[in-house]
Amino acid sequence: MQQHLHIVCLDVPWPADYGGVIDMMNRIRAFHRLGIKVHLHYFSYNERGIPRELNIFCESVHVYERRKKTECLNLSLPYIVSSRINEALKEQLCKDNYPVLLEGLHCTGIIPFIAHTDRTICVRMHNNEEVYYKELARATSDLFKKLYYKTESRLIKKYVPTLPKNIQLACVSETDVDFFAAQGFENVFLLPTFPSWQKVNSLEGMGTHCLFHGNLSVAENEEAALWLLSKVFNKVRVPFIIAGKDPGRPLQKAAALCQHTCLISNPSESEINDLVQKAHINVLPCFNKNITGIRLKLLHSLFSGRHCVTTPSMVTGTGLESACHIGSNSNAIASIISQLYYKPFEDEEIQLRKTLVETSFNNDRNTSQLMQRLW
């Protein structure tokens, strides 16, 4: 008997060009490989279009418009939730009793309208959104964005306890599992992120540069890149590349002032892969005081790169600490980079990574475990 599954995505999952979308798209691919008939529902915004590629992996595809802020005047709900409560989506999901996988807290506003006594609903918690938005507020210097992020964080804090306590929550890290379990949710479990890399393909020997990569339009990534330029690579004068999506003007100006730095805007997937693999050191600081989720760029570096240098908050709770070189401030990071830049990357370190990441982040294995909870 064929198994059918509704997946509701907060954004169009193609192209898979940022962390949350990569996680969602690789999960859809894994369900397809394992014979599940996926009925995909997603919200189209940010001019990402309606890609035909999704038809390869999905039995059906349904697209909805996200509501504008002027249409969401309910101040008791976070905008990320209220903007995705959609009548057409409710109708589609109520036509049958297939299990429903909601991608992100963002999509949970429809739960009261689709929940039946025997229907399985699982929410993929990409991170603790209350903490995530609080950290976005801290990282940005834009006053309007800071106010919006702070407001969302407060509303999310009030909203999460209203979710049904028996709903399944699939969390991306042990830290998040502990948080939601402490909130009284009864069916919280770990579902590791779904990376595009399934085998460690790091190269031995020497690379050519240091690299920081990420979505540079996100405040925390811009903050990290600017910090590296002003606090670390002003002390360590080695080739440094910053690569990522939509860098802002402050970062463009700062990078232009550093003679040994190159800024690569909007690289393709193949270009990023090449940069990560050819780097001698992937440098990935994170300044979040409150830790939630896991960063796919860290996994990318461990699956494909050589030395990885980071800060404690990037790796806490991930189980990946032993594969990284960790410094807690700019002097420590600069010192580590100075030592590693002339140290070849060896097979012993590759074998450690294989042990740490190839089993934990096996997409088909983790999908099989999720299927046992859905059916």
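Cross-link pairs exceeding 28 Å in C-alpha to C-alpha distance, out of Lys150/Lys278; Lys157/Lys245; Lys68/Lys245; Lys150/Lys199; Lys253/Lys354, comprise Lys150/Lys278; Lys157/Lys245; Lys150/Lys199; Lys253/Lys354. Here the peptides 174-183, 311-320 are ranked by packing, the mean other Cβ count within 10 Å, and the order with the highest first is 311-320, 174-183. Rounded to the nearest 10 degrees, the inclination of helix 330-340 to the longest alpha-carbon principal axis of the chain is 70 degrees. A 1.4 Å probe run over region 1-133, with the rest of the protein chains in place, finds 43 Å² accessible per residue. Counted by Cβ distance under 14 Å from Arg353, the other residues give a net charge of -4, where Lys and Arg count +1 and Asp and Glu count -1. Using a probe of 1.4 Å on the protein chains alone, the accessible area found for His116 is around 80 Å².
For the chain, the Cβ-based charge dipole about the Cα centre amounts to some 740 debye (Lys, Arg positive; Asp, Glu negative; other atoms uncharged). Each label point was placed 7 Å from the Cα along the Cα-to-Cβ direction; for Lys165 and Glu271 their separation is 5.2 nm. Ordering of 161-173, 3-15 by packing is 3-15, 161-173, highest average first (other Cβ atoms within 10 Å, averaged per residue). The residues packed around Tyr341, meaning those with a beta-carbon under 13 Å from its beta-carbon, carry a net charge of +4 if Lys and Arg are +1 and Asp and Glu are -1. For Lys95, the lysines whose Cα comes closer than 20 Å to its Cα, not counting residues fewer than 8 places off in the same chain, are Lys37.
Taken as Cα centroids, region 25-93 and region 145-184 sit 20 Å apart, rounded to the nearest whole angstrom. Within straight-line reach of Lys134, meaning a Cα separation under 18 Å, sit the following aspartates and glutamates at least 8 residues removed in sequence or on another chain: Asp142, Glu152, Asp176, Glu220, Glu222, Glu223.
How much net charge surrounds Lys134 when only other residues with a Cβ under 10 Å from its Cβ are counted (Lys, Arg +1; Asp, Glu -1)? Every neighbour counted, the sum reads +1.
What value, in deg cm²/dmol to 500, does the helix sum -39500 (n - 2.57) over DSSP H runs of n ≥ 4 give at 222 nm once divided by the residues of the chain?
Details: 15 runs with 141 residues, N = 375.
Here the helix-only value at 222 nm equals -11000 deg cm²/dmol.
Peptides 100-108, 36-44 ranked from most to least packed by the mean count of surrounding Cβ atoms within 10 Å: 100-108, 36-44.
Among Ser153, Ala182, Ile167, pick out the residue whose Cα is farthest towards the positive end of the charge dipole of region 139-190, where Lys and Arg carry +1 and Asp and Glu carry -1 on C-beta, about the Cα centre. Of the listed residues, the answer is Ser153.
The values are calculated or read from the model by the stated rules, or taken from the named source; none is laboratory data. Keep in mind that what you see is a predicted model, and the values were worked out from it rather than measured. Cβ coordinates were reconstructed from backbone atoms using ideal geometry, including for glycine residues, and neighbour counts include every protein chain displayed. Side chains included, ligands, DNA and RNA excluded: accessible areas come from the protein's heavy atoms. Shrake-Rupley method; radii C 1.70, N 1.55, O 1.52, S 1.80 Å.
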